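For reference, the structure discussed in these notes is given below.
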Amino acid sequence: MKEEPLEPGSASGADRKSQQPSFIRRRSFLQGLGVSSAMLLPTTLLADRDDRRKKLPRGDVAILRFLAAAELIESDLWEQYNELGGVKGGNAAYQLALENLDSDMPQYIADNTDDERSHAAFLNAYLESRGDQPVNLDAFRMLPSSQATGAKQKGRLTNLMNLNVDTSWYTRYRSEENPDFGATFPQAVHIVGEPAIPVDDADTPPGMMQPPVPVTHQQRRMQAIANTAGFHFAFIEQGGSSLYTIMSLKVTSLEVLRIVVSIGGTEVNHFAVWHDKAGNAVNVTDPETGVTFPDLNAPPFGGEEFQTNLIFPEPCDFLKGEKLPPCSVIRPSLDQNGGAVATIKAFTEGGLFLGQSGGFFAAAMELANAADAAHRERFDED
């Protein structure tokens, strides 16, 4: 079904009458035999086919619409990574630089892209199936594509060519502290104004050296770009892990809760993979921006705060209460640090929306505010 453009407050154009003819023919046939269809089909199935399902609570719709928007944003950025560095990507030098972090990186990128696309498509389809308006961000696909070999030339929602990547997630998950109690964490790597994909073919060397010993200007530049991507992958997915955790606490419908926690579980899975790969970033300095990727296992780094193979979340303070021991959990799990508004702000501060229109920010924040304002209600699904 064609999605309506995103216009806050506009009515749904969903129309499911096209589903009726085959059901009507079946019902007429059964009646012709003197058999009531109600005797053969469960009441709930009849209700579904007649499209009489109870409307979802407004808060659940707000949550699903924001998550659909977030997944469209994620799909857009992952498609850019996939075009250049995925298993079928078109930029061999970028692929080789990514493989210096792990030989399976191109396959993981392709799979992550497929996952995000499926999330966006499912959430929008589910909204329509319940008579609610899906999210369409096509009007905001106006940012430029990379000019490097392999990139498709079309409008984008997101910018990957000038990022400020927050890498405090790396030290946060190695810490015994919790941001929900006010803790702050140092950056593992200071990534400012760095591309995560090659901007054009000037960034593309004739070949990368393996094992990873980038020597030429172009090779060092390309490796720094791939390293940036590695940290950005994990930044995006750790944000999704917190976002889905937080939204699940607000959901009313059990069916919607099932959707949120099930998709959220894949975000956690993605983060675990990318967390591991980020620690393999090659020790290199971008000769054009000066961004440096140090050996995080060597002085003055080292120790548990930076150790690259400590990828499982350390136990930390979790719930307030006497004599509650530390617990290994997703964190943050409160709105102010990882909710919908916090997610849009983090993406914006990182440069992901650099060049986007005022209309985009207004629409994104309206969706985010509605999702954060949602709360669990009494709701009878029978």
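The values are calculated or read from the model by the stated rules, or taken from the named source; none is laboratory data. Please read these numbers as outputs of a predicted model, since none were measured by experiment. Cβ sites come from the backbone with ideal geometry, for glycine too, and all protein chains shown count toward neighbours.
Please indicate, with yes or no, whether at least one residue in the range 292-299 is at pLDDT 95 or above and in contact with a strand residue (DSSP E or B) (Cβ under 7 Å, 6 or more places away or on another chain).
yes
Among the residues of the range 110-119, are any over 18 Å from L67 (Cβ atoms) and at pLDDT 95 or above? Walk me through it before giving the result.
Taking the range 110-119 first, the residues over 18 Å from L67 (Cβ atoms) are 110-111.
Subsequent filtering for residues that are at pLDDT 95 or above retains 110-111.
Within the range 110-119, one or more residues are over 18 Å from L67 (Cβ atoms) and at pLDDT 95 or above.
Of all residues in the range 319-339, which are among the hydrophobic types (A, V, I, L, M, F, W, C) and surrounded by fewer than 18 Cβ atoms within 10 Å (Cβ to Cβ)?
So the first thing to find is which residues in the range 319-339 are among the hydrophobic types (A, V, I, L, M, F, W, C), and the list is 319, 324, 327, 329-330, 334.
The answer is L319, L324, C327, V329, L334.
Identify, by number, the condition in (1) in a helix (DSSP H, G or I); (2) farther than 25 Å from Q95 by Cα that R174 doesn't meet.
Every listed condition holds for R174 apart from (1).
Would you be able to say whether some residue in the range 128-135 is without any contact (Cβ under 8 Å) to a residue 24 or more places away in the chain, of a type in the set (D, E) and within 23 Å of G264 (Cβ to Cβ)?
Looking only at the range 128-135, we keep the residues that are without any contact (Cβ under 8 Å) to a residue 24 or more places away in the chain, and these are none.
No, every residue in the range 128-135 fails to be without any contact (Cβ under 8 Å) to a residue 24 or more places away in the chain, of a type in the set (D, E) and within 23 Å of G264 (Cβ to Cβ).
Give the residue, chosen from E366, E304, E381, that is of a type outside the set (S, T, N, Q), modelled with pLDDT under 95 and assigned by TED's automatic domain parsing to the domain that holds R156. Give the steps one after another, and end with the answer.
Working: E366 fails: modelled with pLDDT under 95; E381 fails: assigned by TED's automatic domain parsing to the domain that holds R156.
One residue alone meets the criteria, E304.
Among the residues of the range 333-343, is any over 21 Å from E177 (Cβ atoms), charged (D, E, K, R) and outside any loop (DSSP other than H, G, I, E, B)?
No: the range 333-343 contains no residue that is over 21 Å from E177 (Cβ atoms), charged (D, E, K, R) and outside any loop (DSSP other than H, G, I, E, B).
Of a type in the set (D, E, K, R), surrounded by fewer than 16 Cβ atoms within 10 Å (Cβ to Cβ) and not in a loop (DSSP other than H, G, I, E, B): is that true of E267 in this structure?
Numbers: of a type in the set (D, E, K, R): yes; surrounded by fewer than 16 Cβ atoms within 10 Å (Cβ to Cβ): no; not in a loop (DSSP other than H, G, I, E, B): yes.
The answer is no for E267.
If you go through the range 94-121 one residue at a time, how many are touching a residue at least 12 places away in the same chain (Cβ under 8 Å) and in a helix (DSSP H, G or I)?
Here is the first cut: in the range 94-121, the ones touching a residue at least 12 places away in the same chain (Cβ under 8 Å) are 94, 96-102, 105-110, 112-113, 115-117, 119-120.
Within this subset, residues satisfying the condition of being in a helix (DSSP H, G or I) are 94, 96-99, 105-110, 112-113, 115-117, 119-120.
Matching residues across the range 94-121 total 18.
Output the number of residues of the range 150-189 satisfying the condition of being under 22 Å from the mean Cα position of the chain (by Cα) and over 23 Å from I246 (Cβ atoms).
14
From L324, L352, which residue is within 26 Å of T167 (Cα to Cα), outside any helix (DSSP H, G or I) and out of contact with any strand residue (DSSP E or B) (no Cβ under 6 Å at 6 or more places or on another chain)? Explain how you work it out, then say what you get.
Numbers: L324 fails: within 26 Å of T167 (Cα to Cα).
Result: L352 is the single residue among L324, L352 that is within 26 Å of T167 (Cα to Cα), outside any helix (DSSP H, G or I) and out of contact with any strand residue (DSSP E or B) (no Cβ under 6 Å at 6 or more places or on another chain).
Return the residue satisfying two criteria in turn: it lies in the range 134-149 and is assigned to a loop (DSSP other than H, G, I, E, B) and in contact with a Pro (Cβ under 8 Å, 6 or more places away or on another chain), and of such residues it is nearest to L352 (Cα to Cα). Spell out how you get there, then give the answer.
Applying the first criterion (assigned to a loop (DSSP other than H, G, I, E, B)) to the range 134-149 yields 134-137, 141-142, 144-149.
With in contact with a Pro (Cβ under 8 Å, 6 or more places away or on another chain) added as a condition, the list becomes 136, 146, 148.
Values: N136: 18, S146: 14, A148: 19 Å.
For the range 134-149, the residue satisfying everything is S146.
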